[in-house]
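*Asks:* Provided herewith is a single structure, encoded as structure tokens, for subsequent inquiry.
The values are calculated or read from the model by the stated rules, or taken from the named source; none is laboratory data. These numbers were taken from a predicted model, which means no experiment stands behind them. All Cβ positions, glycine included, derive from the backbone under ideal geometry; neighbour counts span all protein chains shown. Accessible surface areas use protein heavy atoms only, side chains included; no ligands, DNA or RNA. Shrake-Rupley method; radii C 1.70, N 1.55, O 1.52, S 1.80 Å.
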Amino acid sequence: MANPTIVWTKIDEAPYLATFSLLPIMEAFTKDAGINWELRDISLAGRVIAEFSDMLPENLRQSDELAYLGELVKKPEANVIKLPNISASVPQLKATIKELQSQGYPLPDFPEEPQNAEEEKIRLKYLKCVGSNVNPVLREGNSDRRLAEPVKEYAKMHPHPMKPVEPTSKSYVAHMDKNDFYQNEQSFIAPRNMTVAIEFEGKNGTKKVFKEVELEKGEVFSGTFLNRKTLREFYEKTIQDAKEKDILFSLHVKATMMKVSDPVMFGDAIRVYYKELFDKFGKELEEIGFNPNNGMSDLEAKLAKLPEDKQKAIKETIAEIYKKQPRLYMVDSDNGITNLHRPNDVIIDASIPATIKNGLKGWGPDGEVEDTVITVPDRTYARMYKEIVADIVKNGQFDPTKVGTVQNVGLMAKKAEEYGSHDKTFFPPEDGIIRVVDTENNEVLMEFETEAGDIWRAYTAKEVAIIDWIKLAVERAKESGLPIVFWLDSNRAHDANLIKYVVSELAKYDLSDVEYHIMAPEKAMRYTLRRFRKGLGTISVTGNVLRDYLTDLFPIIEVGTSARTLSIVPLLAGGGLYETGAGGSAPKHVEQFIKEGHLRWDSLGEFLATVESLKLARKQGANEKTEVIADALSKAVGKYLQNDKTPKRKVGQLDNRGSHYYLARYWAEELANCGDAELEAKFKPVAKELVENEEKILGEIAAVEGKPADIEGYYHPNEEKVAKYMRPSETFNKIIDALR
Ligand SMILES: NC(=O)C1=CN([C@@H]2O[C@H](COP(=O)(O)OP(=O)(O)OC[C@H]3O[C@@H](n4cnc5c(N)ncnc54)[C@H](OP(=O)(O)O)[C@@H]3O)[C@@H](O)[C@H]2O)C=CC1
Ligand SMILES: O=C(O)CCC(=O)C(=O)O
Ligand SMILES: [Mg+2]
């Protein structure tokens, strides 16, 4: 049998930088396992280059490695460590193009308003690189996310700060109460393999087939829409309420993953908050092509197209608006970056937990922390946030040394649910009816009365994915002894169909040792929090969106960051995908690194994923040493946490590179006493050398700190330079490279 291959993904930002230091260590320590390591580029810049390679000179071309991995994950030999990558907004895409152009890549500009067929083609190619377009391709399995025992222990020993919350806190979650996705949902289970057409018939006679969709027998197909007029009225009311309560206004959506629908909801908040601006300068704003869906940064970028007196008048109006409207929640108050500046700055799964961590407060324009209305328009998932926020106001801030744990089993495989809806999201061009029709017999299966501009979307969950998800939940319940709670709402048409599956599938198992519940999200949250505050563990079994939200929410409360989560995706075809952490690519960390040479990224997620990946490699044919090496790594991670060698926040303290030194040292120490004579003989001197050179190595790393790290790029830096900065210790490199 050929040696198994572990694929490590090359991605963006902080975890990309950390890779330059960490991957050589992984290769060095696993040399005797009989595995191959492969680095595959799925970074934003890499995907842009691959997408346009036909237009690039030969030496600049790159193959489409995402497409390659998309095929690999459907095969049993897949063993992929997926680090978090950027889900880019249009402004980020444009910045990437600009950077690549400056490096000599003859790429076309992003045609915002395509003037001809050629430009439209280019635009569509670029749009393939926007939003969350990596994860859905790789996620050919459901998700199992939880905190490993030593990670929980670490948090109890070294609790992260959680700011107190007073019972007088005015912060609360605001959501719509009618005409949202929650209210308008319809759903059916496909009785056979079939094709449905999504059709539109306008009041003025427009007829159009939006799309035909193939469904597999047993697939749950759901459709719904959100009324934009009601949305804007809701914003109006919420903004007014923030003003009256004298608290910040904040909006939390997922414009990255939900790249078609959520930017529009984000844009509507701008249209309402800055209404006076549109009333006064509607014509000019249209002329320069300002698109509120891209945030106020888009206006900033395009303002120069107007004569100076107009620019001045617009700026004055904006300043007036800030005086009249409630203060905005800030992303960066020092630089005047508001919540409404860019659609991807405030991403709901991370941003609400950050607000919770901060004592249910955000930063206002003057840099002061203040209470805030947390606006989450659609009720489907907003209600569970409302529940936890109200719970905190009532019962006080969570104490990481006392709380229990909330694990998750998420229905994710095959682009499940809303996260697979982008190509089935439509905006009716006029008032009219959207129908879902069985093409075989023209039977109308669903009918929605929509208004012009409403956001209509369809999404599905495939039978194989649902059944596997329920199986995974039962397995996790049996392994852990914890109760499982299916967060499903019988008042939702989609969930009602999932409940049918849950009931019929659970009947097939011996559940004598399993406690299970089916509860709507707010009730599930209440139940889970009661246990959580008592220090008990619970497994949330959820759809794809709640998977995403809850696996940031609870880990951030429990251990400070979701980067410390173990995130396993057992692939349907038998391989494994190990996502590192549940969080993102930490843009703030890169800023700090570039400015002062300190990288605060904790690679713990990567360490944990590697343990799991090695265990799978063993099953895939790697030799018996692999298991020993994986065990040693697992123990080394325990030591790393016990001795608190995680990177610290400030320049001059231990950073990512220093933390990797400790990991390597503990790993070597474990291997020096692992019971395998060959490995022991090999690693005894390595451990010794690492211990003896501790001061020297840390000194060599410290020497490059406190000054800028000029890596010549953000999205596509100079890799020689990155490698130089990320491996600054000659002494350490020599020890590691001798093992490779
Ligand atoms: N699976 C994936 O591929 C995911 C990708 N993303 C993408 O990542 C980007 C950034 O997302 P964002 O929502 O800002 O969230 P991030 O998770 O990147 O960052 C939020 C904060 O979490 C903390 N943090 C995250 N990772 C680590 C780590 N390894 N070590 C220490 N602290 C960490 C940092 O807080 P501090 O240091 O201040 O304590 C950081 O500023 C977006 O493009 C998003 O789409 C997001 C989620 C998942
Ligand atoms: O793919 C993305 O855009 C983000 C994914 C995410 O947040 C998650 O998996 O938790
Ligand atoms: Mg997430």
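*Asks:* Among the residues of segment 93-115, write down those that are assigned to a loop (DSSP other than H, G, I, E, B) and among the hydrophobic types (A, V, I, L, M, F, W, C).
*Replies:* Step one: list which residues in segment 93-115 are assigned to a loop (DSSP other than H, G, I, E, B), which gives 103-115.
Within segment 93-115, LEU107, PHE110 qualify.
*Asks:* Follow-up question, since we're still on this one. Determine whether segment 699-706 contains at least one residue that is under 23 Å from ILE629 (Cα atoms), assigned by TED's automatic domain parsing to the domain that holds LEU44, among the hydrophobic types (A, V, I, L, M, F, W, C) and surrounded by 18 or more Cβ atoms within 10 Å (Cβ to Cβ). Spell out how you get there, then give the answer.
*Replies:* First, pick out the residues of segment 699-706 that are under 23 Å from ILE629 (Cα atoms): none.
The answer is no, given that none of the residues of segment 699-706 is under 23 Å from ILE629 (Cα atoms), assigned by TED's automatic domain parsing to the domain that holds LEU44, among the hydrophobic types (A, V, I, L, M, F, W, C) and surrounded by 18 or more Cβ atoms within 10 Å (Cβ to Cβ).
*Asks:* Report, by residue number, each residue of segment 728-740 that is modelled with pLDDT of 95 or more and open to solvent by 50 Å² or more (accessible area, probe 1.4 Å).
*Replies:* Result: GLU730, LYS734, ASP737, ALA738.
*Asks:* Out of curiosity, is ARG40 in a helix (DSSP H, G or I) and open to solvent by 10 Å² or more (accessible area, probe 1.4 Å)? Step through it out loud before you land on a result.
*Replies:* Details: in a helix (DSSP H, G or I): no; open to solvent by 10 Å² or more (accessible area, probe 1.4 Å): yes.
It is false that ARG40 is in a helix (DSSP H, G or I) and open to solvent by 10 Å² or more (accessible area, probe 1.4 Å).
*Asks:* Another question, then. Check GLU112 against each of (1) away from ligand 2 (no atom under 16 Å from the Cβ); (2) touching a helix residue (DSSP H, G or I) at 6+ places or on another chain (Cβ under 6 Å); (3) at pLDDT below 95 and name the one condition it does not meet.
*Replies:* (2)
*Asks:* To continue, here is another question. Can you name the number of the only condition in (1) part of a loop (DSSP other than H, G, I, E, B); (2) modelled with pLDDT of 95 or more; (3) out of contact with any helix residue (DSSP H, G or I) (no Cβ under 6 Å at 6 or more places or on another chain) that PRO326 fails?
*Replies:* The one condition PRO326 does not meet is (3).
*Asks:* Further question on the same structure: Being out of contact with any Cys (no Cβ under 7 Å at 6 or more places or on another chain), among the aliphatic types (A, V, I, L, M) and within 16 Å of ligand 3 (Cβ to nearest atom) narrows it down to one residue among ALA354, ALA390; which is it? Can you show your working first?
*Replies:* On the way: ALA390 fails: within 16 Å of ligand 3 (Cβ to nearest atom).
Testing whether each residue is out of contact with any Cys (no Cβ under 7 Å at 6 or more places or on another chain), among the aliphatic types (A, V, I, L, M) and within 16 Å of ligand 3 (Cβ to nearest atom) leaves just ALA354.
*Asks:* Would you confirm whether any residue within segment 603-620 is in a loop (DSSP other than H, G, I, E, B) and within 16 Å of ligand 1 (Cβ to nearest atom)?
*Replies:* Taking every residue of segment 603-620 in turn, at least one turns out to be in a loop (DSSP other than H, G, I, E, B) and within 16 Å of ligand 1 (Cβ to nearest atom).
*Asks:* Using the structure shown, decide if ASN693 is in contact (Cβ under 8 Å) with a residue 24 or more places away in the chain and out of contact with any strand residue (DSSP E or B) (no Cβ under 8 Å at 6 or more places or on another chain).
*Replies:* Yes.
*Asks:* Got a sec? Which helices (runs of 4 or more DSSP H) wholly within segment 246-305 have at least 3 residues that are farther than 28 Å from LYS424 by Cα, within 16 Å of ligand 1 (Cβ to nearest atom) and in contact with a Cys (Cβ under 7 Å, 6 or more places away or on another chain)? Full working, then the answer.
*Replies:* On the way: elements: 262-273, 275-287, 296-302.
No helices (runs of 4 or more DSSP H) qualify here.
*Asks:* Something else about it: What do you reckon, is LEU572 farther than 28 Å from MET157 by Cβ, open to solvent by 10 Å² or more (accessible area, probe 1.4 Å) and away from ligand 3 (no atom under 16 Å from the Cβ)?
*Replies:* In short, yes.
*Asks:* Could you check ASP548 against (1) under 22 Å from ARG383 (Cβ atoms); (2) part of a helix (DSSP H, G or I); (3) open to solvent by 40 Å² or more (accessible area, probe 1.4 Å) and say which number it fails?
*Replies:* (3)
*Asks:* Mind checking which residues of segment 76-92 are within 28 Å of ALA18 (Cβ to Cβ) and assigned to a loop (DSSP other than H, G, I, E, B)?
*Replies:* GLU77, ALA78, LEU83, PRO84, ASN85, ILE86, SER87, SER89
*Asks:* Would it be correct to say that GLY104 is under 28 Å from THR460 (Cα atoms) and either buried (at least 23 other Cβ atoms within 10 Å of the Cβ) or more than 15 Å from ligand 1 (Cβ to nearest atom) (or both)?
*Replies:* In short, no.
*Asks:* For segment 517-537, check the following and say yes or no: at least one residue is closer than 30 Å to HIS422 by Cβ and within 16 Å of ligand 3 (Cβ to nearest atom).
*Replies:* no
*Asks:* Any residue at all in segment 583-592 that's over 19 Å from the mean Cα position of the chain (by Cα) and not in a loop (DSSP other than H, G, I, E, B)?
*Replies:* Yes; the residues of segment 583-592 include at least one that is over 19 Å from the mean Cα position of the chain (by Cα) and not in a loop (DSSP other than H, G, I, E, B).
*Asks:* While we're looking at this one, here's another question. Can you tell me which of ASP334, ASP366, ASP345, ASP399 is open to solvent by 10 Å² or more (accessible area, probe 1.4 Å) and within 26 Å of GLU522 (Cβ to Cβ)?
*Replies:* Sole residue among the options that is open to solvent by 10 Å² or more (accessible area, probe 1.4 Å) and within 26 Å of GLU522 (Cβ to Cβ): ASP399.
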